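The values are calculated or read from the model by the stated rules, or taken from the named source; none is laboratory data. None of the values given here were measured: they were computed from a predicted structure. Note that each Cβ is placed from the backbone with ideal geometry, even for glycine, and that neighbours are counted across all protein chains shown. Calculation scope for accessible area: heavy atoms of the full protein, side chains included, ligands and nucleic acids excluded. Shrake-Rupley method; radii C 1.70, N 1.55, O 1.52, S 1.80 Å.
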Amino acid sequence: MNRCLTVLAACCMAMPAMSQSFQIKGKLGRLKAPAKVYIGYTYDGKTVFDSADVDNGNFAFEKPVAYPTNALLTVSRDGEHQTFFSANDIAHLYVEPGSIVWVTSDESIANFTSNGSKSQDDYDVYLKSMEDAEEKLSLLTAESSNTLQNDVTEKGLAAKRAYMEHFRAAMANRKQHMKEFIQQHNDMYITLDILEEYAGNFIDFREIEPLFNALIEKTRTSTKGKAFEKRIQASKRTAIGAPAPDFGQKDTDGNRIALSSFKGKVVILNFWASWSATSRMDNQELKQIVKPYNQKDLVVINVSLDERKEQWLQAIADDKMSGYNVSDLKFLRNEVAELYNINAVPQNVLIDASGNIVSRNIKGTQLSEKLAGLTGK
């Protein structure tokens, strides 16, 4: 399974500098016109997206970049315009200012080998170190089509929950491999990208800040390094142990639901969206976890990052969601999500009866055990 770094993530590893050109010179077997190779990457907030013709397997790019950057390449065999990168035939290739990178493959660019980029050589070392962890996830992905069908019977929900426990264990194993690589290779240009992926959508600054500070100065003081450091500092405002920021947002009937009105109760903030399949699956699991509790002990506030009210309401009905359902229908700019530094779903925040954040993004058995401890049940 291709679980490489986030699509079009830029890897900034040098001090801010003027852009320089890099070159890619490639050979894809005997692939002929009208085939095209597409490239996409970002740096300094700029997005570059372009294509090159293929002539008897040969193609070339010359583009600007300011620091080592992870570019994506894919092939359109019929020459038709590509608006996205197919996960089945995609190459992640690090390019660097002033580099000439030679790329060789058969007619599938996913099988490429390269030389001319030190960062790509480092990235290959990283991929090699992750092979075992990625294989375990690949096996679970193959299993998911049979396990995660739309079965809401007790037996079906139990199977989904067991699958998710296995999946989370495999993800934890993958993260441990990533952490070990970060610790052992803090001088590599690519390590900041790996650290950002490892940190996830919410940064636990107690763990991430020491890892970041161990990176070489050239990385930490780069444009992207400084931006990531700002994210670390911002995460401290809603970290575990901090008072949960109060908010008010309207429910499906237009009534304002305020967090402060539930002081003295344990609260789960469940950030989800109707358009997120993983969110919908988590909703079913969450219902089972909170079933033993009543509203005197535990309140669930489902914060939807939806944009269309009809889709939001339909998903609530379909999932038979318990608790309070709120949204300002501002999509990813939901005001509660921004307050809690949420930029992807599903995520959750657990708040104790004193109004303090006690955990973030724990699920399954971990969440059940934490709730039991907080409520004394």
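Estimate the FRET efficiency between residue 102 and residue 78 by the formula 1/(1 + (r/R0)^6), using the beta-carbon distance for r and 45 Å for R0, to the nearest 0.05.
0.95
How much net charge surrounds residue 367 when only the other residues with a Cβ under 14 Å from the Cβ of residue 367 are counted, with Lys and Arg +1 and Asp and Glu -1? Intermediate values should be presented prior to the final figure.
On the way: positive: 161, 168, 287, 291, 360, 363, 370, 377; negative: 165, 282, 285, 352, 369.
That sum, taken over residues with Cβ under 14 Å, equals +3.
How much of the accessible area of the chain, in percent, comes from carbon and sulfur atoms when a 1.4 Å probe is used?
Details: 9100 of 18090 Å².
Result for the chain: 50 percent of the exposed heavy-atom area is carbon or sulfur.
Per residue, how many Å² of accessible area does the chain show with a 1.4 Å probe? Can you show the working numbers first?
Details: 18090 Å² over 377 residues.
With the other protein chains kept in place, the chain gives 48 Å² per residue.
Where Lys and Arg each count +1 and Asp and Glu each count -1, what net charge lies around residue 350 among other residues with Cβ under 9 Å from its Cβ?
That sum, taken over residues with Cβ under 9 Å, equals +1.
Quickly estimate the mean residue ellipticity at 222 nm for the chain, helices only: each DSSP H run with n ≥ 4 gives -39500 (n - 2.57), and the total goes over all residues, rounded to 500.
Values: 11 runs with 137 residues, N = 377.
Taken over the chain, the calculation gives -11500 deg cm²/dmol.
So which of 155/370; 230/377; 32/224 end up more than 30 Å apart, counting from Cα to Cα?
The answer is 230/377; 32/224.
Within 11 Å, Cβ to Cβ, of residue 341, how many net charges do the neighbouring residues add up to if Lys/Arg are +1 and Asp/Glu are -1?
Working: positive: 231, 236, 237, 360; negative: 338.
With Lys, Arg at +1 and Asp, Glu at -1, the net is +3.
For region 120-238, would you read off the P(r) tail past 23 Å as a percentage of all alpha carbon pairs? Working shown, then result.
Working: 3086 of 7021 pairs.
Every Cα pair in region 120-238 considered, those over 23 Å come to 44 percent.
Using only the Cα atoms of region 91-142, build the gyration tensor, take square roots of its eigenvalues as a ≥ b ≥ c, and label the shape rounded, prolate or oblate: rounded if a/c is under 1.5, else prolate if a/b is larger than b/c, else oblate.
Values: a/c = 3.30, a/b = 1.75, b/c = 1.88.
Because a/c hits 1.5 or more and a/b fails to exceed b/c, region 91-142 counts as oblate.
With a ≥ b ≥ c the root eigenvalues of the C-alpha gyration tensor of region 21-115, is it rounded (a/c under 1.5), prolate (a/b larger than b/c) or oblate? If you can, show how the numbers build up before the last one.
Details: a/c = 1.77, a/b = 1.40, b/c = 1.26.
Prolate shape, in that a/c is at least 1.5 and a/b is the bigger ratio.
Where a ≥ b ≥ c are the square roots of the eigenvalues of the C-alpha gyration tensor, would you call region 229-373 rounded, which needs a/c under 1.5, or, failing that, prolate if a/b is larger than b/c, or oblate?
On the way: a/c = 1.37, a/b = 1.10, b/c = 1.24.
It is rounded, given that a/c, with a ≥ b ≥ c, falls under 1.5.
On a full-extension model of 0.36 nm per residue, what is the gain between residue 125 and residue 234, subtracting their alpha-carbon distance, rounded to one decimal in nm? Numbers along the way, then the final one.
Values: separation 109, 0.36 × 109 = 39.24 nm, distance 3.19 nm.
Once the chain is fully extended between residue 125 and residue 234, it gains 36.0 nm.
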